[in-house]
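Participant: Dropping the structure in here first, questions after.
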Amino acid sequence: MSDNNKFKMLAKTLSGLEDLLAAELRSLGASDVKAMNRSAEFFGDKKMLYKANMHCRLATRILKQVKTFNATSSDELYHHVSQIKWDKLMRLSQTFAIDAVINYSEFNNSMFVAQKVKDAIADWFRAKYDKRPSVDIKRPNVRINIHIRAKKATLSLDSSGEALSKRGYRTEAGTAPLGEVLAAGIIELTRWDRASSFIDSMCGSGTFVIEAAQMARNMAPGLTRKGFGFMGWRDYDESILRDLVEEAQAAIKPNLDFKIVGSDIEPARIKEAMANAKRARVGKDIEFVCKSFEKQEPPPAPGVMVINPPYGERMVITRIDEFYTMIGDTLKQNYEGYNAFVLTSNLDSIKHVGLRTSQRVKLFNGPLECRLLKFEMYKGSRKEKYRNPEEKP
Ligand SMILES: C[S@@+](CC[C@H](N)C(=O)[O-])C[C@H]1O[C@@H](n2cnc3c(N)ncnc32)[C@H](O)[C@@H]1O
């Protein structure tokens, strides 16, 4: 890759996944990768941009930087946006939309910033062609991102279009589903080896098990998407994407020789999860079972169990503390030899699990602050290991 063709990009992600995203980008061949706040900056060429969109499991969007400038007033913002040669980036016949994000700046209204940028683009086209492209907020051909932090503005093109977390397989999602990027990030945080048992015994719409199966089969998450934002750009190179799709298809492992299991107490959830897994092309890799957590036997250890139980906020469960006690008891009885992970925002009830955590990671499930808690369920009679330090011996 010649350095002349390299440009700066920003992959956005969720809080707590930045270092994992940076590692993922490096493994894909990105250069000068730097983990930042809920994002990672990197450099690469057009192929790298397409590759990041196709393969990143931990990015929600990939932005291509167009210009950075000082923006301390609306006039300054308008002036700098008007300096860009917009017909190099989009056609008059195309639609566009602006996403504005502002932090600690003179501007306190992102709608106002988006409007100003839109006006500057529309006026630029009118001045040159006497016509302007239309805005389409829902399905624009070109999505433009303006980020203002303090006095510095960055204008970028959004190469992903619809968020990358919308993989396209989950059109059916029951109560309180997890985002796909968060689920993939949690699986990375478990350090699951992609070669031993994996179970989510409160699987809901199946996000964890579907992401796990796609990872284990080396299936690029972008393969199930309808399209990417960069496909609407003037410089779109179809042959690069075609080659990447072919390479990604060829890299898929045909089968798995270990078990991935998704179970849930609700028959409707299992039905949804099965339909989602089929759409994600991993239907045959996951065994779905309709059983309660208490009754579900996991596949042979070693393995990873991860659950996102009802928090008692979004879902109503009577006696939530007893529910978490049941989780702890079941882990002790059934999950020997497993590394068990529980994602919850219910920090009061989690004490009722009654097991010692060996790791706690702060994450956000939408607006909810959560913890991913790790419980190492040792094999043998090391019962001491399980004891909650707050309990008297
Ligand atoms: C927060 S949702 C999980 C969402 C899931 N991670 C997803 O992405 O769709 C919690 C799930 O736990 C299930 N559940 C509640 N109590 C259960 C129990 N005792 N045994 C098994 N599943 C249970 C619910 O049916 C629900 O689907």
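Participant: What list do you get for Glu106, Glu336, Glu369 if you sort them by fewest beta carbons within 10 Å?
Facilitator: Ordered from fewest to most neighbouring Cβ atoms within 10 Å, Glu106, Glu336, Glu369 come out as Glu369, Glu106, Glu336.
Participant: Once R0 is set to 56 Å, what does the formula 1/(1 + (r/R0)^6) return for the Cβ-Cβ distance between Tyr378 and Asn109, expressed as a FRET efficiency to the nearest 0.05?
Facilitator: My answer for the efficiency is 0.55.
Participant: With the cut-off at 1.5 for a/c, could you classify the chain from its C-alpha gyration tensor as rounded, prolate or oblate?
Facilitator: Prolate shape, in that a/c is at least 1.5 and a/b is the bigger ratio.
Participant: What are the aspartates and glutamates whose alpha-carbon lies under 13 Å from the alpha-carbon of Lys85, with same-chain residues fewer than 8 places away excluded?
Facilitator: Asp123
Participant: If you don't mind, another one. Applying 1/(1 + (r/R0)^6) with R0 = 45 Å to the Cβ-Cβ distance of Glu297 and Gln249, what FRET efficiency is obtained, to the nearest 0.05?
Facilitator: Efficiency, rounded to the nearest 0.05: 0.80.
Participant: Which ordering of Glu24, Glu211 is given by a fewest-first count of other beta-carbon atoms within 10 Å?
Facilitator: Least crowded to most crowded, the residues run Glu24, Glu211.
Participant: Let me ask something else about it. Given H placed on each backbone N at 1.01 Å, which residues far from Ile102 in sequence or on other chains put an amide H within less than 5 Å of it?
Facilitator: Ile148
Participant: Compute the angle between helix 238-250 and the longest alpha-carbon principal axis of the chain, please, reported from 0 to 90 degrees and rounded to the nearest 10.
Facilitator: The angle comes out at about 10 degrees.
Participant: How much net charge surrounds Tyr129 when only the other residues with a Cβ under 12 Å from the Cβ of Tyr129 are counted, with Lys and Arg +1 and Asp and Glu -1?
Facilitator: +2
Participant: What's the angle, to the nearest 10 degrees (0 to 90), between helix 267-279's Cα axis and the longest principal axis of the chain?
Facilitator: 50
Participant: Okay, next question. Quick one: of Lys284/Lys362; Lys88/Lys226; Lys226/Lys284; Lys226/Lys259; Lys6/Lys362, which pairs are farther than 31 Å apart, Cα to Cα?
Facilitator: Over 31 Å apart, Cα to Cα: Lys284/Lys362; Lys6/Lys362.
Participant: Here's another thing I want to ask about it. Please label the shape of the stretch 3-158 as rounded, prolate or oblate, based on the square roots a ≥ b ≥ c of the eigenvalues of the alpha-carbon gyration tensor (a/c under 1.5 means rounded; beyond that, a/b larger than b/c means prolate, else oblate).
Facilitator: Taking the square roots of the gyration eigenvalues as a ≥ b ≥ c, the stretch 3-158 is prolate.
Participant: Still on this model: Using a 10 Å cut-off around each Cβ, can you sort Met202, Met326 from fewest to most neighbouring Cβ atoms?
Facilitator: Lowest to highest Cβ neighbour count: Met326, Met202.
Participant: Shape of the stretch 198-344 from its Cα gyration tensor (a ≥ b ≥ c, root eigenvalues): rounded if a/c is under 1.5, otherwise prolate when a/b > b/c, or oblate?
Facilitator: Prolate, since a/c reaches 1.5 and a/b exceeds b/c.
Participant: To check you understand DSSP bridge types, tell me what percent of the beta bridges within the stretch 77-207 (both residues inside) are antiparallel, rounded to 5.
Facilitator: Here the antiparallel bridges make up roughly 40 percent for the stretch 77-207.
Participant: Tilt of helix 18-27 relative to the longest C-alpha principal axis of the chain, in degrees (0 to 90, nearest 10)?
Facilitator: The helix 18-27 is inclined about 70 degrees to the chain.
Participant: Now for a separate question. Restricting to the chain, what percent of DSSP beta bridges are antiparallel, rounded to 5?
Facilitator: 60
Laboratory data are not the source of any read-out in this text; all were calculated from the coordinates shown. Please read these numbers as outputs of a predicted model, since none were measured by experiment. All Cβ positions, even for glycine, are placed from backbone atoms using ideal geometry, and neighbour counts span all protein chains on display.
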